[in-house]
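Visitor: This structure is in structure tokens; I'll ask about it shortly.
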Amino acid sequence: MFDGLQTLPQPMVVRIDGARITGLWPEAGFDPAQAEGCREAGRGGLVTPGLVDCHTHLVFGGSRAGEFERRLEGVSYAEIARAGGGILSTVRATRAASAHALFEAALPRLQALVDDGVTTVEIKSGYALDVAGELKMLRVARRLGQPEEGGLPVRVTTTLLGAHALPPEFTSDADGYIDQVCERMIPTAAAEGLADAVDVFCEGIAFSPAQCERVFQAAHHHGLAIKVHAEQLSNLGGAALAARYGALSADHLEYLDEAGVQAMAAAGTVGVLLPGAFLTLRETQLPPVELLRCHGVPIALATDANPGSSPLFMPTLMLNLACTLFRLTPREALAGMTAHGARALGLAEIGRIAVGQRADLCVWDVAHSAELAYAVQPGRLRQRVFGGRITHC
Ligand code: NIG
Ligand code: FE
């Protein structure tokens with residue numbers, strides 16, 4: 001039965017006027033008068049909502065290929081971070097890069113997502129860790145979604161991730177850095193309209209729950225939505241804490257326990273799974289998918305595209321990984337990158353095929369939706385419709 005969530009179960013006609021879906025009928029018995037004045041496009045393909053990549057770090061300088069080699073030799077992600085590498089090595093490269101250079105480097109990464117069906121992408125800051133640099137990253141992210149400024153036809157939402165790692169200027173003074181995030185970064189980003197949400201990395205190698213809570217309070221105060229990187233490497237209760245502040249999503253979640261799941265369910269917080277990071281870091285602790293299902297927590301999926309833990313820029317690969325690694329069904333995986341991804345961004349008008357929704361759609365050269373997760377195969381996107389306009393053939 002058609003639930004409007006992901007794909008159309010029988011041949012259907014979708015009518016688009018301007019930027020919105022205005023009609024939806026079974027093709028059998030369809031009265032062509034209902035499409036009068038319309039131009040026909042996309043016949044015969046599998047139609048899904050445009051993909052929503054609700055967690056990325058697309059804007060960054062440098063490369064972490066050397067760190068990749070060290071991890072293969074047995075050094076862990078956390079050990080590299082504690083030795084001043086990892087996120088901080090990307091911070092050095094990002095601080096040194098101009099806004100122009102960051103934009104030019106991010107554009108092909110974004111193009112790769114768009115070519116694989118993405119119509120909405122969230123982009124985080126978090127690799128500058130000072131006020132000017134974080135704002136620079138957010139401006140670059142905004143520009144990436146502005147075709148008139150050289151960007152691409154894709155909806156970009158931006159998230160301030162000032163509390164991603166402790167910058168070298170604040171070694172031994174994490175609370176002092178959190179003061180700066182709360183008193184300068186968040187107010188300025190909010191005042192300049194540069195951030196839609198605020199995120200934190202709640203982890204032993206990053207910030208404590210108490211420090212994260214101060215960031216959530218500041219985000220609340222400035223009217224920004226809340227997200228959290230939580231329970232990735234250990235269980236600090238970050239997801240439950242964020243849920244108590246009404247977080248849109250808690251992301252990673254490998255070490256999430258049932259109390260955390262219950263707190264998320266009570267708050268309507270989406271669980272964002274990031275199988276690319278799980279794969280890249282060769283994690284073994286699986287996220288509690290069955291508990292999330294049992295408690296009715298919506299499960300979203302994202303690339304987490306970033307230079308360290310997930311240098312993977314292919315959303316449909318995440319559909320495959322979520323099924324093979326986390327045992328999601330192909331249908332759950334697709335919902336994770338459409339309806340639930342949209343919910344993780346607080347966007348009600350995208351992610352489903354329904355009258356009144358924004359006309360962000362993909363037409364795929366596949367016969368069944370399960371094929372999108374089954375094969376890892378670029379080039380299956382026949383048409384991409386963004387706000388009613390065909391932008392890719
Ligand atoms: O989502 N977990 C923290 N942040 C990123 C990784 C960033 C990096 O390693 O550069 C993540 O995995
Ligand atoms: Fe991340």
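Visitor: Determine the sum of side-chain charges near residue 215: Lys and Arg each +1, Asp and Glu each -1, restricted to other residues whose C-beta is under 14 angstrom from that of residue 215. Mind dumping the intermediate values first?
Guide: On the way: positive: 124, 184, 214, 227, 244; negative: 134, 175, 179, 183, 199, 203, 213.
That works out to -2.
Visitor: Take every Cα-Cα distance within segment 222-338, group them into 10 Å bins from 0 onward, and report for each bin the whole-number percent of pairs it holds.
Guide: 16, 49, 32, 3, 0
Visitor: Are there GluC sites (Glu not before Pro) in segment 60-164 that DSSP marks as loop and that have at most 14 other Cβ atoms within 10 Å, and which are they?
Guide: Working: sites: 67, 69, 73, 79, 104, 122, 134, 148, 149; in loops: 73.
Here the sparse-neighbourhood loop sites are 73.
Visitor: Using a Gaussian network for the chain with springs between C-alpha atoms less than 10 Å apart, which of these wobbles most: 172, 208, 309?
Guide: Its mean-square fluctuation being the largest, the pick is 172.
Visitor: Give the Rg/Rh ratio for segment 105-237, taking Rg as the radius of gyration of the Cα atoms and Rh as the Kirkwood radius, to two decimals. Walk me through the intermediate numbers first.
Guide: Numbers: Rg = 15.1 Å, Rh = 15.2 Å.
Ratio of gyration radius to Kirkwood radius: 0.99.
Visitor: Over all alpha-carbon pairs in the chain, figure out the percentage whose distance exceeds 38 Å. The partial results should precede the final answer.
Guide: On the way: 12270 of 77028 pairs.
Every Cα pair in the chain considered, those over 38 Å come to 16 percent.
Visitor: How many percent of the accessible area of segment 1-108 is carbon or sulfur, using a 1.4 Å probe? Numbers along the way, then the final one.
Guide: On the way: 3010 of 5490 Å².
Carbon and sulfur together cover 55 percent of it.
Visitor: Moving to a separate point now. With every protein chain left in place, what is the accessible area per residue of the chain in square angstrom, probe 1.4 Å?
Guide: Numbers: 15240 Å² over 393 residues.
For the chain, the per-residue accessible area is 39 Å².
Visitor: Using Cα springs under 10 Å in a Gaussian network model of the chain, which residue among 75, 228, 156 shows the largest mean-square fluctuation?
Guide: Comparing 75, 228, 156 in the GNM, the peak value goes to 75.
Visitor: Still on this structure, please answer the following. Debye calculation, C-alpha points only, no solvent: report log10 I(q)/I(0) for segment 240-298 at q = 0.18, 0.21 Å⁻¹, in the same order as the q values.
Guide: Each listed q corresponds, in turn, to -0.55, -0.72.
Visitor: Rounded to the nearest 500, what is the chain's calculated 222 nm mean residue ellipticity when only DSSP H runs of at least 4 contribute -39500 (n - 2.57) each, over all residues? Please list the in-between numbers first.
Guide: Values: 16 runs with 140 residues, N = 393.
Calculated mean residue ellipticity at 222 nm is -10000 deg cm²/dmol.
Visitor: Using only Cα atoms, what Kirkwood radius does segment 182-226 have, in angstroms? Don't skip to the answer; put the middle values down first.
Guide: Numbers: mean 1/r = 0.0940 Å⁻¹.
Its Kirkwood hydrodynamic radius stands at 10.6 Å.
Visitor: On a 1.4 Å probe surface of the protein chains, which of 321, 24 comes out largest in accessible area, and what is the full order? All intermediate terms of the calculation are to be shown ahead of the outcome.
Guide: Details: 321 15, 24 40 Å².
Heavy-atom accessible area, descending, gives 24, 321.
Visitor: Could you derive backbone 3J(HN,Hα) for segment 225-240 from the dihedral phi with the Karplus parameters 6.51, -1.76 and 1.60 (θ = phi - 60°), listing whole Hz in sequence and x where the residue is Gly or Pro?
Guide: Couplings: 5, 10, 9, 8, 8, 9, 6, 7, 10, 7, 10, 9, x, x, 5, 5 Hz.
Visitor: For segment 1-131, compute the orientation-averaged projected area of the C-alpha convex hull (one quarter of its surface), in nm².
Guide: Working: hull surface 51.4 nm².
For the Cα atoms of segment 1-131, the hull's average projected area reads 12.8 nm².
Visitor: Sticking with this structure for a sec: Go through segment 344-351 residue by residue and turn each phi into a ³J(HN,Hα) via Karplus (6.51, -1.76, 1.60, θ = phi - 60°); whole Hz please, and just put x for glycine and proline.
Guide: 5, 9, x, 9, 8, 9, 10, x
Visitor: Counting only residues 5 or more places away or on other chains, whose amide H sits under 5 Å from the amide H of residue 382 once H atoms are built in the peptide plane?
Guide: The list, which skips near neighbours in sequence, is 363, 364, 365.
The values are calculated or read from the model by the stated rules, or taken from the named source; none is laboratory data. Keep in mind it's a predicted model, so treat the numbers as computed, not measured. Quick reminder, even Gly has a Cβ in these numbers, built from the backbone with ideal geometry, and neighbours come from all protein chains shown. Side chains are part of the model used for accessible areas, which takes the heavy atoms of the whole protein and leaves out ligands, DNA and RNA. Shrake-Rupley method; radii C 1.70, N 1.55, O 1.52, S 1.80 Å.
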